[in-house]
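Engineer: Sharing a structure here in structure tokens format.
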Amino acid sequence: MPQPNTNSEETRAGEAKPPAVSVVMPAYNVAPYIAETLDSVFSQTFTDYEVIVVNDGSPDSAELERALEPYRGRIRYIEQENGGASAARNTALRAARGEFVAFLDADDVWEPDYLSRQMEFLRAGDYDLVYSNALIFGESPLAGKTYMETSPSDGEVTFKSLMRFECSVITSGVLARKLPILEAGLFNEQILSIGEDFELWLRLVRRGARVAYQRQVLLRYRCHPGSLSSTDPVSKLARQLILFEKIAETHDLSAEERAEIDYVFERLRAGKEFEMGKAQFVEGNFAEAHRRLKTANGFQRSWKVRAILLLMRLSPRLLRRLYLWRLGKLAGHGGKPGALGV
């Protein structure tokens with residue numbers, strides 16, 4: 001069971017007027033980063049908030065609590081056994097006193113006007129949930145790009161646009177009304193250890209929540225070794241397939257929604273075949289690479305891939321040398337290789 005910090009500061013806070021916003025911050029293996037994150041919260045121009053840090057059974061608890069020591073009079077600190085990000089966020093949501101909740105991972109950083117601009121945007125549009133753009137930083141070839149450059153948001157946020165990744169929500173950029181999240185049943189702690197945030201946004205939209213985004217960069221999104229964002233494309237696609245299989249199993253989907261999820265299954269399977277085909281090509285397994293790329297292109301129907309398949313038939317070794325040369329050149333410039341350079 002979660003064990004709340006019962007110091008006098010928290011007791012007095014419980015008797016005071018509730019804050020407008022509760023900042024929800026799960027903490028697991030983030031001791032080196034959390035001070036910078038908290039500093040960004042306490043530098044906000046909007047000041048009517050509380051901060052709830054949930055130690056989710058972190059193995060670095062001693063280091064974490066040392067890092068938190070200067071902030072203990074300004075945060076609500078809760079410890080619990082490890083249950084994953086969903087469980088930690090749900091613990092904070094149940095303890096939250098604000099009408100609004102703002103999610104912030106303990107290694108990301110808000111700009112000083114994050115809360116003020118998000119609150120203004122949400123209230124102006126009478127939205128239930130809003131998210132903003134972010135600048136990617138840290139140990140990633142994408143560092144320096146914005147989140148919406150790599151994971152675009154275009155058009156209205158709907159079931160279809162979420163499913164097709166046409167609108168990609170970054171959790172540390174989410175400000176929302178608390179009540180719709182409580183009514184939707186909070187984060188699903190059973191569905192998966194990853195993708196639980198996506199599943200909640202999908203559930204909210206299906207229940208009629210009004211979701212919107214602004215393209216302004218209001219936070220910095222950290223990538224570092226060991227984070228899910230740093231894993232290889234095949235693993236990422238495999239995780240997404242598992243997530244959508246769980247959604248299909250656990251949601252009472254309409255015929256139109258089920259058709260949409262079937263389309264996404266095809267798209268993800270094609271993407272996985274494509275990435276595995278690239279890996280086989282790099283290894284010099286040309287026949288297997290050709291088979292997988294051809295299978296993927298049955299869905300993707302790209303003329304560029306058709307041209308690559310033809311070149312693989314005619315001169316696979318030359319094409320491989322050119323591709324490896326391009327990979328090396330991109331790596332030297334900190335770039336991210338595309339699909340066989342296309």
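Engineer: Six or more apart or on different chains, Cβ atoms under 8 Å: show the pairs whose first residue is in the range 111-139 and more than 22 Å from residue 43 (Cβ to Cβ) and assigned by TED's automatic domain parsing to the domain that holds residue 176 and whose second is among the polar types (S, T, N, Q) and part of a helix (DSSP H, G or I).
Structural biologist: Correct list of pairs: 139/230.
Engineer: When you check residue 301 against the structure, is it at positive phi and at pLDDT below 85, yes or no?
Structural biologist: Working: at positive phi: yes; at pLDDT below 85: yes.
So residue 301 fits the description; yes.
Engineer: Going by the structure shown, is residue 289 modelled with pLDDT under 85, over 23 Å from residue 142 (Cβ atoms) and in contact with a Gly (Cβ under 7 Å, 6 or more places away or on another chain)? So that I can check it myself, show each step before the final result.
Structural biologist: Details: modelled with pLDDT under 85: yes; over 23 Å from residue 142 (Cβ atoms): yes; in contact with a Gly (Cβ under 7 Å, 6 or more places away or on another chain): yes.
Considered against the rule, which asks whether it is modelled with pLDDT under 85, over 23 Å from residue 142 (Cβ atoms) and in contact with a Gly (Cβ under 7 Å, 6 or more places away or on another chain), residue 289 comes out as yes.
Engineer: Separate question: Restricting attention to the range 264-292, report how many residues are aromatic (Phe, Trp, Tyr) and touching a residue at least 60 places away in the same chain (Cβ under 8 Å). Can you show your working first?
Structural biologist: Start the filter on the range 264-292 by keeping residues that are aromatic (Phe, Trp, Tyr), which leaves 265, 274, 281, 286.
Restricting the remaining residues to those that are touching a residue at least 60 places away in the same chain (Cβ under 8 Å) gives 274.
Looking only at that region, the number is 1.
Engineer: I'd like the full set of residues that are at pLDDT below 95 and part of a strand (DSSP E or B), limited to the range 4-28.
Structural biologist: Answer for the range 4-28, where residues must be at pLDDT below 95 and part of a strand (DSSP E or B): just 4.
Engineer: Still on this model: May I ask you to list pairs of residues, at least six apart or on different chains, whose Cβ atoms are under 8 Å apart, with the first in the range 64-84 being exposed (fewer than 15 other Cβ atoms within 10 Å of the Cβ) and the second being at pLDDT 95 or above and in a helix (DSSP H, G or I)?
Structural biologist: Close Cβ pairs (under 8 Å, with a partner that is at pLDDT 95 or above and in a helix (DSSP H, G or I)) amount to 70/35; 74/42.
Engineer: Please go through (1) under 18 Å from residue 82 (Cα atoms); (2) touching a residue at least 24 places away in the same chain (Cβ under 8 Å) for residue 209 and return the number of the only condition it doesn't satisfy.
Structural biologist: That leaves (1) as the condition not met.
Engineer: Would you mind listing the helices (runs of 4 or more DSSP H) fully within the range 97-189 where at least 3 residues are at pLDDT 95 or above? Reasoning before the result, please.
Structural biologist: Numbers: elements: 114-125, 147-150, 159-163, 178-184.
Because the criterion is at least 3 residues that are at pLDDT 95 or above, the helices (runs of 4 or more DSSP H) in the range 97-189 that meet it are 114-125, 178-184.
Engineer: I would also like to ask the following. Kindly provide the set of residues from the range 247-257 that are touching a helix residue (DSSP H, G or I) at 6+ places or on another chain (Cβ under 8 Å) and assigned to a helix (DSSP H, G or I), ordered by number.
Structural biologist: Scanning the range 247-257 gives 247, 248, 257.
The values are calculated or read from the model by the stated rules, or taken from the named source; none is laboratory data. Note that the structure is a prediction, hence the values are computed from the model and not measured. So basically every Cβ, Gly included, is an ideal-geometry build from the backbone, and we count neighbours across all protein chains shown.
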